[in-house]
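Quick note: the coordinates plus some simple rules give every number you see, no bench work behind them. Since the structure is predicted, the reported quantities are computational estimates derived from the model, not experimental observations. In this analysis, Cβ positions are derived from the backbone assuming ideal geometry, glycine residues included, and neighbour counts consider all displayed protein chains.
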Amino acid sequence: MLVADHRRVAELLKDATAGEPAPDVIASIVKELSVHDAIERVHVYPQVRDRLENGHFLSQRAIFEHGEVARLLLELDRRPDGDTAVPDLLVRLRELVANHVEEEEAALFPALRRVMAGEEVDELGTTLEGARSSAPTRPHPHTPQDGTSAKLAAAAAAPLDKLKDKLQRRP
């Protein structure tokens with residue numbers, strides 16, 4: 001599921017950086033990456049921290065990278081349609097996301113698969129899929145980084161994000 005998220009966002013970023021980025025594409029990028037960020041912080045990175053050798057370092061590095069992405073998303077989200085800074089922000093975002101995805105798919109995910117039993121991987125996938133519907137849809141780079149605090153912050157932010165999305169008629 002996470003790899004499918006990566007592919008979907010890569011395609012959106014490719015479209016957005018190929019020409020004049022459409023506001024609905026930017027809104028979709030913000031939403032997709034915000035949801036992905038929240039579910040990884042709450043459910044994946046604690047597994048990385050607790051189960052992998054050097055897990056604390058690996059999870060903190062991944063969370064730091066997510067924070068960089070969230071800050072760019074927040075800046076994009078605040079820009080008005082047609083803002084001349086948007087194309088450069090999208091290029092930077094595309095680079096950050098590509099580097100992060102490469103690390104996760106080449107090293108982090110395979111390492112987790114090696115230490116988790118098949119049913120644990122399936123259970124994590126089910127948990128992640130269920131968490132999508134209750135995850136924040138906007139970036140929150142200043143919220144707690146991981147653990148219970150991140151879970152509580154996400155639970156508080158998600159309903160407000162969904163209301164804001166509805167009021168702004170965003171996808």
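For the reader, a short list of remarks on this structure follows.
- Approximate spin-label separation residue 15-residue 148, in nm, with each point projected 7 Å along Cα-to-Cβ: 4.2 nm
- Cα centroid separation - segment 1-67 against segment 83-151, whole Å: 4 Å
- Here is what passes the span test in the chain: the DSSP H helices with alpha carbon length of 20 Å or more along the helix axis and a Kyte-Doolittle mean of 0.5 or above are 23-39.
- Cross-link reach list, lysines versus residue 162, counting only Cα pairs under 16 Å and skipping chain neighbours closer than eight places: 31
- For segment 95-171, a/c is not less than 1.5, where a ≥ b ≥ c are the root eigenvalues of the C-alpha gyration tensor, and a/b tops b/c. That puts it in the prolate class.
- Cα gyration tensor shape of segment 2-167, rounded if a/c is under 1.5, else prolate or oblate by comparing a/b with b/c: prolate
- The label-point distance for residue 43 and residue 106, in a model that sets each label 7 Å from Cα toward Cβ, rounds to 2.7 nm.
- Here the peptides 113-120, 28-35, 49-56 are ranked by packing, the mean other Cβ count within 10 Å, and the order with the highest first is 28-35, 49-56, 113-120.
- Length released on extending from residue 156 to residue 8, taking residue separation times 0.36 nm less the Cα-Cα span: 50.6 nm
- Segment residue 169-residue 50, extension gain: residue separation times 0.36 nm, minus the distance between their alpha carbons: 38.9 nm
- In segment 2-167, Cα pairs under 8 Å separated by at least six residues give a relative contact order of 33 percent.
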